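I have placed the structure first, in the form of structure tokens, so that the comments after it can refer back to it.
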Amino acid sequence: MTVAQRRGRRIMMTPAELDTFLTEQRTCRVATVSADGRPHVGALWFVWDGTSLWLYSITRSRRWAELRDNPRIAVVVDDGEEYGELRGAELSGTAVFVGEAPRTGEPCPELDVPERLFAAKNFGLDTMPHDGRHAWLKLTPEAVASWDFRKLAAL
């Protein structure tokens, strides 16, 4: 067990690697828990601001309802096809609802940066389009686990 833990530390992403990875990736898997304890996982686009993961979720979704009841959340961002290319991160903590729901574009200074980043990354736009169906969830991770199997070649 000690050997596996040491190897795990060696394939962990550095803070700079993790920041770059989360900035570049587009899709994550979001895990929530229902009132009866059943897990639910769904894919979402996200943006990373260097500190928090911002998720733009449909407000009439199972995810949204479950987070209203229990804001604990885990998110996995991963990449790679072959075993030696696999890399990713799991971020977990408490989801925070930010701005109006659904989002219509009312002024909300806390959303200025994530909306600018999200619009550029996902739509190639300077400003965020609002469809009246989505709203923002913010995850400032309480725990992070990362891996980069590309580092195995160096071990």
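The values are calculated or read from the model by the stated rules, or taken from the named source; none is laboratory data. Here the structure is a predicted model, which means the values were calculated and not measured. Every residue, glycine as well, gets a Cβ built from its backbone with ideal geometry; the counts of neighbours run over all protein chains shown. When the accessible area is computed, the model is the full protein with side chains, heavy atoms only, and any ligands, DNA or RNA have been set aside. Shrake-Rupley method; radii C 1.70, N 1.55, O 1.52, S 1.80 Å.
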Are any residues in region 49-87 in contact with a helix residue (DSSP H, G or I) (Cβ under 8 Å, 6 or more places away or on another chain) and free of Cβ contacts under 8 Å to residues at least 60 places away in the same chain, and if so, which ones? Gly50, Val77, Asp79
List, please: which pairs have Cβ atoms under 6 Å, are six or more places apart or on different chains, and start with a residue in region 107-126 that is on the phi < 0 side of the Ramachandran plot and end with one that is open to solvent by 50 Å² or more (accessible area, probe 1.4 Å) and not basic (Lys, Arg)? Val113/Asp49; Pro114/Asp49; Ala119/Leu125; Ala119/Thr127; Asn122/Trp45
Do any residues in region 34-45 that are over 12 Å from Asn70 (Cβ atoms) have Cβ atoms under 6 Å from those of residues that are among the basic types (Lys, Arg), where the two are at least six apart or on different chains, and which pairs are they? Val41/Arg29; Gly42/Arg63; Ala43/Arg29; Trp45/Arg26
Selection from region 26-70 of residues that are touching a Phe, Trp or Tyr at 6+ places or on another chain (Cβ under 9 Å) and open to solvent by 90 Å² or more (accessible area, probe 1.4 Å): Arg26, Trp45, Arg68
Considering only residues that are more than 15 Å from Ile58 (Cβ to Cβ), surrounded by fewer than 14 Cβ atoms within 10 Å (Cβ to Cβ) and charged (D, E, K, R), which ones fall in region 111-135? Asp112, Asp126
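Checking the structure you have, find out if any residue of region 83-91 is open to solvent by 50 Å² or more (accessible area, probe 1.4 Å) and part of a loop (DSSP other than H, G, I, E, B). Let's see the steps before the verdict.
Just the residues of region 83-91 that are open to solvent by 50 Å² or more (accessible area, probe 1.4 Å), to begin with: 83, 85-86, 90.
Among the residues that remain, those that are also part of a loop (DSSP other than H, G, I, E, B) are: 86.
Checked region 83-91: at least one residue is open to solvent by 50 Å² or more (accessible area, probe 1.4 Å) and part of a loop (DSSP other than H, G, I, E, B).
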Check on Ala16, part of a helix (DSSP H, G or I), modelled with pLDDT of 95 or more and more than 25 Å from Asp131 (Cβ to Cβ): yes
